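What follows is a set of notes on a single structure, which appears directly below.
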Amino acid sequence: MEHSFIDYITGQAMLPPRGSEFAGEVDLVFIGIYWLSIILFLAITIPTVYFAWRYKFKAGRVTPHQTHNTTLEIMWSVGPLIICVGLFFWGLDGWMKYAVAPGDSMEVVVTGKQWLWQFEYPDGSRTVNDLHVPINKPVKLTMTSEDVLHDLFVPDMRVKVDVIPGRYSMIWFTPNVLGPHTFTCAEYCGKDHSGMKGTLTVESDADFAKFMATGGTEWEEYRDRNDWAGWGKLQYERKGCNSCHSVDGTSSKGPTWKGLFSKNESFTDGSTGIADAKYLEQSMLQPNAKVVKGFEPIMPTFQGLLRNHEIKGLQAYIESLK
Ligand code: HEC
Ligand SMILES: [Cu+2]
């Protein structure tokens, strides 16, 4: 970003671009404290250096006896007290606004885990490291961690809050600048901490509605290349199927997907059936309808969590795993 000379003088050049209504207020407090520090620094060091020089040791000079100076002592006690209490209330005012989200906020549930951010929207759809929000609408992030301490930091929005295992924390903001904004994890959380980041896309209402309906424009690239299996592979990783299903023939919590398509499958109730596209879809949406022999019925239902084109992609991906 380009900065003017004034930005450098005032300290604005230190700060990231502003993307939310909070940003201006936060910057004001920040720049205020920054200037107060500079002024106090000069007000203390300049006289100190001067007095050290002015009253330096000289043979024969006798220091007059001093007891105390009431006026000076009151000034340097009450003055800083007023400044500190003033700063406290200035900060408190901003903190109160951060603490309570407006009732009409769009709520996104955020889960931090080593080393990714997962976002769940009001309709249950999910994204990873990719947060979309409509412009000029308040967004409330309800956050928790599945493992260690993380911290969601969106510099442009001036929001940053710890994400804690076993607890929910909350931040909210009203984005008012379109476009991509970066967010990161701001709490060292292990080996790949530096990779725990993503993009916040602030978009128009129309684009956001389109994103909600299709899960974004990403799939259009796959559709145009006619790469349904590639799209399915992405879902396999994003929707967490990979935590229970392998694609290389080894079975873990769930059966492997290798060689699954068209296989004659046996179920715990003694029946059998061909693993065709219809069966695969049913396995995703009603996993307990037919439980594969030798496995526990532990698969969660993905009803409402998979869009049609995601199911189609997964079917194509499974079919490609000969
Ligand atoms: C918590 C572990 C778990 C997760 C996560 C999981 N599954 Fe499963 N899945 C299983 C288990 C266990 C079975 C076998 C028992 C059954 O049929 O319900 C299974 C069975 C299946 C089958 C039938 C397999 C066969 O051999 O006939 C399909 C298809 C399937 N899962 C798809 C998916 C998809 C798609 C996802 C991700 C969107 C997914 N699963 C996520 C545990 C899981
Ligand atoms: Cu982290």
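The values are calculated or read from the model by the stated rules, or taken from the named source; none is laboratory data. Keep in mind that this is a model prediction, so the values were computed, not measured. Every residue, glycine among them, receives a Cβ derived from its backbone with ideal geometry; neighbour counts consider all protein chains shown. Only protein heavy atoms, including side chains, enter the accessible area calculation; ligands, DNA and RNA are left aside. Shrake-Rupley method; radii C 1.70, N 1.55, O 1.52, S 1.80 Å.
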Of the residues in region 112-132 that are within 16 Å of residue 145 (Cβ to Cβ) and without any contact (Cβ under 8 Å) to a residue 40 or more places away in the chain, the one that is surrounded by the most Cβ atoms within 10 Å (Cβ to Cβ) is 119
Restricting attention to region 281-295, does a residue exist that is in contact (Cβ under 8 Å) with a residue 40 or more places away in the chain, outside the structural domain of residue 127 (by TED's automatic domain parsing), within 6 Å of ligand 1 (Cβ to nearest atom) and not in a loop (DSSP other than H, G, I, E, B)? no
Restricting attention to region 269-280, and to residues there that are part of a helix (DSSP H, G or I) and more than 6 Å from ligand 1 (Cβ to nearest atom), which single residue is most open to solvent (accessible area, probe 1.4 Å)? 278
Residues that are under 28 Å from residue 14 (Cβ atoms), outside the structural domain of residue 13 (by TED's automatic domain parsing), polar (S, T, N, Q) and within 16 Å of ligand 2 (Cβ to nearest atom): does region 186-196 have at least one? yes
Which pairs turn up if I take residues in region 253-271 that are in the same structural domain as residue 243 (by TED's automatic domain parsing) and look for partners that are near ligand 1 (Cβ under 7 Å from one of its atoms) and open to solvent by 30 Å² or more (accessible area, probe 1.4 Å) with beta carbon separation below 6 Å, at least 6 apart in sequence or on another chain? 253/244; 254/244; 267/290
Hey, any hits in region 33-56 for a residue that's closer than 26 Å to residue 151 by Cβ, among the hydrophobic types (A, V, I, L, M, F, W, C) and open to solvent by less than 100 Å² (accessible area, probe 1.4 Å)? yes
Of the residues that make up region 233-240, is at least one open to solvent by less than 40 Å² (accessible area, probe 1.4 Å), without any contact (Cβ under 8 Å) to a residue 24 or more places away in the chain and not assigned by TED's automatic domain parsing to the domain that holds residue 134? yes
Per the filter on region 220-240, residues part of a helix (DSSP H, G or I) and within 16 Å of ligand 1 (Cβ to nearest atom) are 228, 229, 230, 231, 232, 233, 234, 235, 236, 237, 238
Count of residues meeting criterion [part of a loop (DSSP other than H, G, I, E, B) and within 12 Å of ligand 1 (Cβ to nearest atom)] in region 305-322: 4
For region 1-45, enumerate the residues that are in contact (Cβ under 8 Å) with a residue 12 or more places away in the chain, farther than 30 Å from residue 81 by Cα and not in a helix (DSSP H, G or I). 1, 16, 17, 18, 19, 20
Which numbered condition trips up residue 164, out of (1) farther than 21 Å from residue 180 by Cβ; (2) of a type outside the set (Lys, Arg); (3) at pLDDT below 90? (3)
Take the residues in region 241-262 that are in contact with a helix residue (DSSP H, G or I) (Cβ under 9 Å, 6 or more places away or on another chain) and not in a loop (DSSP other than H, G, I, E, B); name whichever of them is farthest from ligand 2 (Cβ to nearest atom). 241
Hits in region 247-260 - residues which are of a type in the set (Ser, Thr, Tyr) and either more than 16 Å from residue 275 (Cβ to Cβ) or within 7 Å of ligand 1 (Cβ to nearest atom) (or both): 250, 252
